[in-house]
1. Applying the selection to segment 138-155, what residues are under 16 Å from residue 84 (Cβ atoms) and not in a strand (DSSP E or B)?
2. Considering each of 102, 65 in turn, give the residue that is out of contact with any strand residue (DSSP E or B) (no Cβ under 7 Å at 6 or more places or on another chain) and part of a strand (DSSP E or B).
3. Looking at 99, 77, which is the one that is surrounded by fewer than 17 Cβ atoms within 10 Å (Cβ to Cβ) and more than 27 Å from the chain's Cα centre (by Cα)?
4. Return the pair list, or none, for Cβ contacts closer than 7 Å from residues in segment 44-66 that are on the phi > 0 side of the Ramachandran plot and touching a residue at least 24 places away in the same chain (Cβ under 8 Å) to residues that are in a loop (DSSP other than H, G, I, E, B) and surrounded by 10 or more Cβ atoms within 10 Å (Cβ to Cβ), at least 6 apart or on different chains.
5. Outside any loop (DSSP other than H, G, I, E, B), under 15 Å from residue 108 (Cα atoms) and without any contact (Cβ under 8 Å) to a residue 40 or more places away in the chain: does that describe residue 83?
6. Taking the condition farther than 16 Å from residue 127 by Cα, at pLDDT below 95 and surrounded by 13 or more Cβ atoms within 10 Å (Cβ to Cβ), does residue 47 pass?
7. Residues of segment 52-73 being closer than 16 Å to residue 94 by Cβ and surrounded by fewer than 16 Cβ atoms within 10 Å (Cβ to Cβ), which ones?
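The values are calculated or read from the model by the stated rules, or taken from the named source; none is laboratory data. No experiment lies behind these values; they were computed from the predicted model shown. Heads up, the Cβs are rebuilt from the backbone with ideal geometry, glycines too, and the neighbour counts pull from every protein chain shown.
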């Protein structure tokens, strides 16, 4: 074994002292603090049960059929047309079905109907739903009463032959 000088041992001692001091006196980094907080939180939650309530699904409204029309009854006691099996080219929508006033043409009600050429809406209609007449490629003309206050997105999208939209004169 090689004999070391006293100066070498003094330098080694000072170096080890500096290292030991820096290890013992250093402050933890933010990352280390975050890890320790996460470790403690995880430890405290190990035997904790958490229950997350699932949303209760909204029941589908009951659907009714009147002639060529399928409809639902809205909260206000009026009817929303949801589908139509009519194959006529000229169609005047009814103002009521089974005694319920028709106020809404529902979402996708006439979607892709190839037969419709001309449609007349009754004065009871207040809303035309999203995509209600979308892709009715034969539709040329529609009469919309002034009672309509809401027209959903894409209601007439894809109606490439639609050239005559008549609005009430009121």
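1. Residues satisfying the conditions are 138, 139, 155.
2. Result: 65 is the single residue among 102, 65 that is out of contact with any strand residue (DSSP E or B) (no Cβ under 7 Å at 6 or more places or on another chain) and part of a strand (DSSP E or B).
3. Criteria check complete, one pass: 99.
4. none
5. yes
6. Judged against the criteria, residue 47 is not a match.
7. The answer is 64, 65, 67, 68.
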